[in-house]
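Below you'll find the structure, written out as structure tokens, and then a few comments.
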Amino acid sequence: MKWIFLVFAGLAVTGACNNGSNQEQQAAEIPLEQQGKQPVGQTIIPGADSVSSAVLKIEDDSYDFGAVKEGEKVEHEFTFTNAGSEPLIISKVQASCGCTTPEYSKNPIPPGGEGKVKVVFNSAGQMGKQHKVITVSSNATTPNATLHLRGEVKK
């Protein structure tokens with residue numbers, strides 16, 4: 001009884017595979033003019049082939065605040081430009097720690113325009129050497145960029 005079931009299951013799978021290849025063969029026989037000039041099985045992503053795009057260029061991606069006393073707040077502004085030919089849109093800026101709060105330009109930055117990411121580090125309870133990473137997500141050709149905040153917190 002089990003053998004009969006396995007034989008029928010095998011035939012069903014083989015039949016399903018043949019139907020799929022017949023559909024592909026039929027689609028391949030349709031001239032490109034009738035397919036909207038899109039080859040079968042190829043996905044077209046809008047704008048993927050365009051040369052123009054946004055480019056996030058950061059002047060200095062690292063800031064060393066030196067030594068501070070515990071409890072002090074350190075502020076720094078990272079400056080960047082859009083070196084591309086499309087508007088740059090910053091979608092999210094996230095710090096690696098809750099002790100670091102980022103603020104950023106929320107309006108689209110035109111080509112050649114400048115934007116800022118302001119970072120405030122609260123050193124309360126953060127003793128010793130510090131290295132905080134801030135991730136900037138955007139529509140740039142490289143969608144994620146990292147900023148670094150370094151220093152030491154002393155008593």
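Here are the numbers for this structure:
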item: Residue check for Ala140: within 16 Å of the chain's Cα centre (by Cα) and not charged (D, E, K, R); result: yes
item: Conditions (1) open to solvent by less than 60 Å² (accessible area, probe 1.4 Å); (2) farther than 21 Å from Val55 by Cβ; (3) not polar (S, T, N, Q); number of the one not met by Lys154; result: (1)
item: Qualifying residue in region 79-88 (condition: at pLDDT 95 or above, closer than 24 Å to His131 by Cβ and open to solvent by 30 Å² or more (accessible area, probe 1.4 Å)); result: no
item: Hits in region 96-142 (condition: open to solvent by 70 Å² or more (accessible area, probe 1.4 Å), farther than 18 Å from Glu72 by Cα and either touching a Pro at 6+ places or on another chain (Cβ under 9 Å) or in a loop (DSSP other than H, G, I, E, B) (or both)); result: Ser96, Lys106, Asn107, Pro108, Pro110, Asn139, Thr141, Thr142
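The values are calculated or read from the model by the stated rules, or taken from the named source; none is laboratory data. Since the structure is predicted, the reported quantities are computational estimates derived from the model, not experimental observations. Cβ: placed from backbone, ideal geometry, glycine included. Neighbour counts: every protein chain shown. These area figures cover heavy atoms from the full protein model, side chains too; ligands, DNA and RNA do not enter into them. Shrake-Rupley method; radii C 1.70, N 1.55, O 1.52, S 1.80 Å.
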